[in-house]
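Undergrad: Below is a structure I'd like to ask you about.
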Amino acid sequence: MDLERRRLFGGGLSLGALTMLTGCDISDHDSVQRALALVSRFNDRVQAAIFGPNKLAPTFSEAEAVKDFRYNAWYGPEKSPVLTSADYRLMLAGQIKDKTPWTVEKLYSLPQVTQITRHVCVEGWNMIGKWTGTPLGVFLNQIGADTTAKYVGFECADGYYEGIDMATAMHPQTLMAFKLSDNILPTRHGYPFKLRIPTKLGFKNPKFVTTIYVTNQQPKGFWTDRGYNWFSGI
Ligand SMILES: Nc1nc2c(c(=O)[nH]1)N[C@H]1C(S)=C(S)[C@@H](COP(=O)(O)O)O[C@H]1N2
Ligand SMILES: [Mo]
């Protein structure tokens with residue numbers, strides 16, 4: 001019940017209020033699940049509607065940035081996929097004009113910005129880090145992505161998958177991050193790049209991205225398929 005409880009209180013509804021609203025017996029597991037799913041989808045819609053396309057996440061000073069950033073994934077760091085610049089190609093799909101695959105060299109020659117922001121993981125930890133890379137919006141424009149489409153999706157070398165709405169994709173702080181603490185992204189943090197999205201919870205920051213696609217169909221997410229909210233903004 002933990003996750004459901006958090007969602008409920010986050011949404012500002014008590015379990016009792018929900019029971020009254022839905023008229024379902026709290027001991028009836030299936031109808032509780034259905035009611036919760038409804039609240040969760042409602043929350044996603046409200047959050048998407050109030051998302052400010054240019055409202056910035058807080059930024060921090062150099063001194064506040066952690067040098068030794070914490071690792072997280074659904075498996076141990078020793079199992080991280082090892083991608084090499086010789087073999088790696090970023091594949092492009094969906095509503096994009098120029099779908100030529102990108103090498104690491106070409107990606108790393110894109111114009112870059114640095115940001116110091118807070119990463120928040122739902123598992124109960126957060127950390128301030130310094131990331132450097134290209135705003136995803138700049139890249140999407142360069143490859144002729146249809147930015148009137150609704151979503152951008154990501155597939156990763158470890159089987160992970162995620163997706164974000166176009167407003168978040170075009171947000172100035174949404175980066176294809178190539179560096180962490182001024183060093184090329186280490187393998188365990190997603191080499192050759194991760195999406196760094198300070199307006200989203202940690203799990204919506206995919207690492208080891210191998211495909212970017214543009215679509216009108218809401219992309220699935222690894223943790224969303226396991227019960228977390230799709231929007232998951234912070
Ligand atoms: N490909 C991939 N990306 C992922 C994950 C994962 O398991 N695989 N875990 C997510 C979660 S839950 C978190 S908190 C962050 C952790 O990123 P870090 O290892 O750079 O701290 O990566 C996110 N992106
Ligand atoms: Mo996370």
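The values are calculated or read from the model by the stated rules, or taken from the named source; none is laboratory data. Note that this is a predicted model, so its numbers are computed, not measured. Methodologically, a virtual Cβ is constructed for each residue, glycine included, from the backbone with ideal geometry; neighbour enumeration extends over all protein chains shown. These accessible areas exclude ligands, DNA and RNA; they are computed on the full protein's heavy atoms, side chains included. Shrake-Rupley method; radii C 1.70, N 1.55, O 1.52, S 1.80 Å.
Undergrad: Which whole-number value in Å² is the accessible area per residue of the chain, probe 1.4 Å?
TA: Spelled out: the 1.4 Å probe surface of the chain, per residue, equals 49 Å².
Undergrad: Hey, another quick one. Please report, ordered by residue number, every helix of the chain (full DSSP H runs) that is 27 Å or longer along its axis going by C-alpha atoms and whose mean Kyte-Doolittle hydropathy reaches -1.0.
TA: Values: long enough: 29-50 (31 Å, -0.05).
Span-like helices, by this rule, are 29-50.
Undergrad: May I ask which of Lys150/Lys200; Lys67/Lys150; Lys97/Lys194 have a Cα-Cα span longer than 27 Å here?
TA: Among Lys150/Lys200; Lys67/Lys150; Lys97/Lys194, the Cα-Cα distance tops 27 Å for Lys67/Lys150.
Undergrad: Continuing with the same structure: From the residues Leu185, Pro172, Leu83, which one has its Cα farthest along the dipole of the chain in the positive direction, the dipole being from +1 and -1 charges on Cβ of Lys/Arg and Asp/Glu about the Cα centre?
TA: After comparing all options, I get Pro172.
Undergrad: When N is the residue count of segment 33-86, what does its C-alpha Rg come to as a fraction of 2.2 N^0.38 Å?
TA: Numbers: Rg = 19.0 Å, N = 54, 2.2 N^0.38 = 10.0 Å.
It is 1.89.
Undergrad: While we're on this one: About the Cα centre of segment 3-226, how large is the charge dipole given +1 on each Lys and Arg Cβ and -1 on each Asp and Glu Cβ? Please answer in debye to the nearest 20.
TA: Details: 26 positive and 20 negative charges, 51 e Å.
It works out to roughly 240 debye.
Undergrad: Which FRET efficiency, nearest 0.05, do Phe60 and Ala167 yield, Cβ-Cβ r, R0 25 Å? Display every interim value, and only then the final one.
TA: Working: r = 24 Å, r/R0 = 0.95.
It comes out at approximately 0.55.
Undergrad: Relative contact order of segment 156-213: what whole-number percent is it, with Cα pairs under 8 angstrom and at least 6 residues apart? Walk me through the numbers on the way to the answer.
TA: Working: 77 pairs, mean separation 22.2, N = 58.
Taking the mean separation of contacting Cα pairs over the length of segment 156-213, I get 38 percent.
Undergrad: Could I ask something else about it? Taking a cut-off of 34 Å, what percent of all Cα-Cα pairs in the chain are separated by more than that?
TA: Working: 4834 of 27261 pairs.
For the chain, the share of Cα pairs beyond 34 Å comes to 18 percent.
Undergrad: Specify the inter-centroid distance of segment 166-234 and segment 85-117, based on alpha-carbon positions, in whole Å.
TA: The two parts, judged by their Cα centres, are 14 Å apart.
Undergrad: Right, something else. Using a probe of 1.4 angstrom, how much of the accessible area of segment 87-142 is carbon and sulfur, in percent? Kindly include the intermediate steps, with their values, before the conclusion.
TA: Numbers: 1390 of 2660 Å².
The nonpolar share, carbon plus sulfur, comes to 52 percent.
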